[in-house]
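**Student:** Here it is: the structure, laid out below.
Just so you know, all these numbers are worked out from the coordinates, no wet-lab data involved. These numbers were taken from a predicted model, which means no experiment stands behind them. Note: ideal-geometry Cβ built from the backbone for every residue, glycine included; neighbour counts use all protein chains shown.
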Amino acid sequence: MSISKVAFIATVAAFLAASAQAQKSQDTLRIAINNPFAVLSNYDLPVDESSIFTRDVYDHLIYYDERAQRFVPGIAKSWKRVNDTTIDYELRDDIKFHNGDSLDATDVKATMDYAIDPKSKITFVANYNWVKEVEVLGPYTLRVRSSEVQSTDLALMSYRFQVFNGKLLNKMQDKADYGRLNPVGTGIYKVIQFDANKGILVERYDGYKTTPEVKKAGIKRIHGVPLPDRQTQAAQLMVGGIDMLRNVEPELAKALSANPNTEITYVAELNLFYFALDSQNLSGNKALSDIRVRKAIHMGIDADQIIKHIVPGGHVAEKLYADCFKATIACKYNVKPASYNPEGAKKLLAEAGYPNGLDLHYVVYAANKSIGEAVAGELYKIGVRVNVQATDITLYRRMLGDGKLQAWSILFPTGLYPDSSGIMNVLFTGPAAKYYNDPIIDEAIKLGVQEFDPAKRADIYAKAYDRINEMHYHFPLSSIPAVYVHTKDVAIKDNPFSTGQTFVADYAWK
């Protein structure tokens, strides 16, 4: 290496170290925002980069502790199931919004009324429209009725409904502006600046009352800085303009970590990477309608080697045996997917009438192209010639709806709602259902949301997970950890409730 290059690296490293210390002394962490957002509301704009803020700006009535696998108090200090469609919530009486207003039952009702109003332009209305009505029984008592039996009502409440200041919300002509003009919550961080161009700046809320014994904010201020271009982000990290990048591509992460003042943190999030096949010959590849072919293809994938060598942060990844995680509510299975056996795979292909292999078009989410190419490489060894097409979510959904997918792998962030009902709805209802047309799975989806007993509910979903493995519809390969690159004085803590997600309150100084 030349003397000038050594000197340059040393200068940048020194500058970065000094800048990082300056930011630490000011107690402000700067995070690069990949896709700037103009609304801070999961109702109106449920995107990943705003969600890391909304979860700690707003609060929920209850939370689900994924480690203990139980629901715990939030804004509601207790709750009681009146019947299969009705739950009463008793709220805390000491919670104040960031603007000083006291929270009561009318705030919760106003928020939920907005979410379930057919006139509201909610992005994923099915997450909310199961609620039939919300009734205020007293200043701090609330009754929520569902339109039909919904055994996931508590789970949906703990992950989907975030509470707004109803006094402000009801005064707004267009309530969809709440997350843009008045993002006021009761969470551990309060918004002190929010602009799509300048970014979001939140500050630790010293009046936080909801779960102070559990949630701890380690950094005073978090600044989300809009920097859509990845190369600009990398340059800003190198010269001390920002302190953290999220969801970094493995190659870039490795290059940036060569700087002595940066490091990589891998967080074992519940991001599902699966390999799916068209079993109904919608896409015109008749071979895939033969279960022997699907089994052979799955037997040709060496998941252990892909996780070890290709999956970013594979050392913290979870090898999967079904389309769910250990932390997923009602995740149970008795049948595992086909084991790696390339010679057995070749024999099955020959038995099915494909001794010379077959051609396969494979669509993979662009961010995980390297994993898709590794899968293709494995399948080439058994005679399956794979054409890999990297795509974004929009094109994938279009191809899914048009019945043009032969094989596909899309990253599914199950940690945002780690319940088997959510996984089944995404993977096996709507446009996806026609690729399987399986009454056993359909029945499990129907019955699963009607059963309240946790053990019985898990048994119901086990029939679906087992059926998926038996019929070789999906090959559940691995979780995909989140990749963070940051200055060395930054730490990412485990979230107190989630085993698969981190939010701004989980970032700290070392």
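**Student:** What 222 nm value per residue comes from the helices of the chain, counting each DSSP H run with n ≥ 4 as -39,500 (n - 2.57) and dividing by all residues, nearest 500 deg cm²/dmol?
**Tutor:** Taking each H run of at least 4 residues, the total per residue is -9500 deg cm²/dmol.
**Student:** Cα-based Rg (one decimal) and Dmax (whole number) for segment 271-480, in Å?
**Tutor:** So, for segment 271-480, Rg and Dmax equal 16.2, 50 Å respectively.
**Student:** Any idea how far the Cα center of segment 84-135 sits from the one of segment 50-82, in Å?
**Tutor:** Taking the Cα centre of segment 50-82 as reference, the centre of segment 84-135 is 13 Å away.
**Student:** Within segment 151-226, list the chymotrypsin sites (Phe, Trp or Tyr not before Pro) lying in a DSSP loop whose Cβ has at most 10 other Cβ atoms in a 10 Å radius.
**Tutor:** Nothing satisfies the criteria.
**Student:** Further question: Please rank 471, 172, fewest neighbouring Cβ atoms within 10 Å first, as an exposure proxy.
**Tutor:** Listing 471, 172 from fewest to most nearby Cβ atoms yields 172, 471.
**Student:** I would also like to ask the following. For the pair residue 232/residue 93, report the inter-label distance in nm, with labels modelled 7 Å from Cα in the Cβ direction.
**Tutor:** Each label point lies 7 Å from its Cα, and together they span 5.2 nm.
**Student:** Over the Cα atoms of the chain, each weighted equally, I'd like the Debye log10 I(q)/I(0) at q = 0.06, 0.10 Å⁻¹, rounded to two decimals.
**Tutor:** -0.31, -0.85
**Student:** Right, next: Would you calculate the convex hull of the Cα atoms in segment 374-447 and tell me its volume per residue in Å³?
**Tutor:** 125 Å³
**Student:** Given 25 °C and 0.890 mPa s, compute D for segment 253-346 with the Stokes-Einstein relation, Rh being the Kirkwood radius over Cα pairs; round to the nearest whole µm²/s.
**Tutor:** Calculated translational D: 153 µm²/s.
**Student:** Where does each of 388, 449 land when they are ranked from fewest to most other beta-carbon atoms within 10 angstrom?
**Tutor:** Going from least to most buried by this count: 388, 449.
**Student:** In Å, what is the Rg of the alpha-carbon atoms in segment 40-174, and how long is Dmax?
**Tutor:** Rg then Dmax for segment 40-174, in Å: 14.1, 42.
**Student:** Another question, if that's okay. I'd like the distance between the alpha-carbon centres of segment 491-509 and segment 397-452, rounded to an integer number of Å.
**Tutor:** 29 Å
**Student:** What distance in nm lies between label points placed 7 Å from Cα along the C-beta direction at residue 65 and residue 124?
**Tutor:** Distance between the two pseudo-spin positions: 2.5 nm.
**Student:** Kindly write out, for segment 155-164 in residue order, the coupling ³J(HN,Hα) from the Karplus curve 6.51 cos²θ - 1.76 cosθ + 1.60 (θ = phi - 60°), rounded to whole Hz, with x marking Gly and Pro.
**Tutor:** 5, 5, 5, 7, 10, 9, 8, 10, 8, 9
**Student:** Further question on the same structure: State the extension gain, in nm to one decimal, for the chain segment bounded by residue 453 and residue 148, taking 0.36 nm per residue of separation less the distance between their alpha-carbons.
**Tutor:** Full extension of this stretch gives 108.1 nm more.
**Student:** Taking neighbour Cβ counts within 10 Å as the exposure measure, how do 37, 497 sort from fewest upward?
**Tutor:** 497, 37
**Student:** Can you grab the distance from the C-alpha centre of segment 243-279 to the C-alpha centre of segment 353-394, Å, no decimals?
**Tutor:** 21 Å
**Student:** For segment 175-287, just the Cα atoms, rotate onto the principal axes and tell me the three extents in Å, largest first.
**Tutor:** Principal axes ranked by extent give 62, 44, 33 Å for the Cα atoms.
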